[in-house]
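Comments concern the structure below.
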Amino acid sequence: MSRGGSSLVSWTPTEVLKTIDTPEVKDTLAEWDKKVSEFDPRKDLENRIKQYNERAARLKAENKQISDDRKVPSDLQPGPAMDMNRPGNLYASMLSPIAGFPVKGAIWHQGYNESAQSNGHKLYARVFPEMIKAWRAAFNDPAMPFGIITQETQGEPQTLDNFLPMMADEGNYVRDAHYQTFLNLRKAGDKNIGYASCFDLHRSWYHPQIKIPAGERMASWALATQYGKQLRWLPPQLVEVKTEIGRASCRERVSSPV
């Protein structure tokens, strides 16, 4: 399943979120509770009617016709209570209806919403491992394969000319939350957590525009860990950095076929 523009907290059960005692999570829950409690459906309808009339008047002044499919609003809408990004909503509407079904695994690529928020990475680092655990519990499989395709940054690819401004992009820190979650679970003995970097497949914005290699990297993880193929899938890992005046040298570890 896929849903564009979604948030991490919307894919996490609300009962799980309520157990996470950090300012970022507690503030997010409180903000959404406030939105829901303050929403007035009749006032919302009045505002939508006003906007419709203002648009109709503007089009009439420009000698333009309103399209036939545009009608004066007459319905009361649920507002924030049914917003897809309200904490827990996508989990409740898209995952819980199929909970208990046998599934082979999940692949995760998300993070734009949190990259657009100040300190969104702090919420991400704390919620993401709990979301993975909740998904595995939903399908009665604590070892359900879960692959992570990492995040990019916004704007053009990082170069020596724009290196420092791009380092301030929140996407860097969401990407770090992806990677640290992967490392922590793997170090804890999770043999079914996967990871694929696609930062080098970045052209602009937060998605990898070069799609096929990203899919191939995730497929390598699945084939190696779930289907017994002899393939390398682990990303290169930094082992050591040595610094001298005017230079830095790095040593990486590249995985052997699994």
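Observations, loosely collected:
- Of the trypsin sites (Lys or Arg not before Pro) found in the stretch 180-220, those in coil by DSSP whose Cβ has at most 14 other Cβ atoms within 10 Å are Lys191, Arg203.
- For the chain, the longest principal axis of the alpha carbon atoms and the long axis of helix 170-187 meet at an angle near 50°.
- Sites Lys18 and Ala56 - FRET efficiency at Förster radius 41 Å, r taken between beta-carbons, to 0.05: 0.35
- GNM top mover of Thr159, Thr181, Thr243 - the chain, alpha-carbon springs below 10 Å: Thr243
- Pairs of Lys residues in the stretch 127-258 are counted when their Cα atoms are under 26 angstrom apart and they lie 8 or more places apart or on different chains; the count is 7.
- Whole-percent carbon and sulfur share, accessible surface of the chain, 1.4 Å: 53 percent
- Under a 5 Å amide H cut-off, with hydrogens placed 1.01 Å from N, Gly147 pairs with Ala106, Ile107, Trp108, Gly194 among residues at least 5 apart or on other chains.
- DSSP bridge pairs, the chain: antiparallel proportion in percent, nearest 5: 50 percent
- Ellipticity at 222 nm from helices only: DSSP H runs of n ≥ 4 in the chain, each -39500 (n - 2.57), divided by the residue count, give -12500 deg cm²/dmol.
- As a calculated quantity, the FRET efficiency between Lys133 and Glu240 at R0 = 22 Å, using C-beta atoms, amounts to about 0.10.
- Largest mean-square fluctuation among Ala30, Ala248, Ala137, in a Gaussian network model of the chain whose springs join Cα atoms under 10 Å apart, belongs to Ala248.
- Choice from Tyr52, Tyr112, Tyr179 showing the highest fluctuation, given a GNM over the chain with Cα pairs closer than 10 Å: Tyr52
- Counting only residues at least eight positions apart within a chain, or on another chain, the lysines with an alpha carbon under 16 Å from that of Lys71 are Lys50, Lys60.
- Extension gain, Lys191 back to Leu231 (0.36 nm per residue minus Cα-Cα distance, nm): 12.9 nm
The values are calculated or read from the model by the stated rules, or taken from the named source; none is laboratory data. Fair warning: this is a prediction, and the values are worked out from it, not measured in the lab. Don't worry about glycine lacking a Cβ; one is built from the backbone with ideal geometry, like all the others, and counts go over all protein chains shown. Remember, those area values only see protein heavy atoms, side chains included, never the ligands or the DNA or RNA. Shrake-Rupley method; radii C 1.70, N 1.55, O 1.52, S 1.80 Å.
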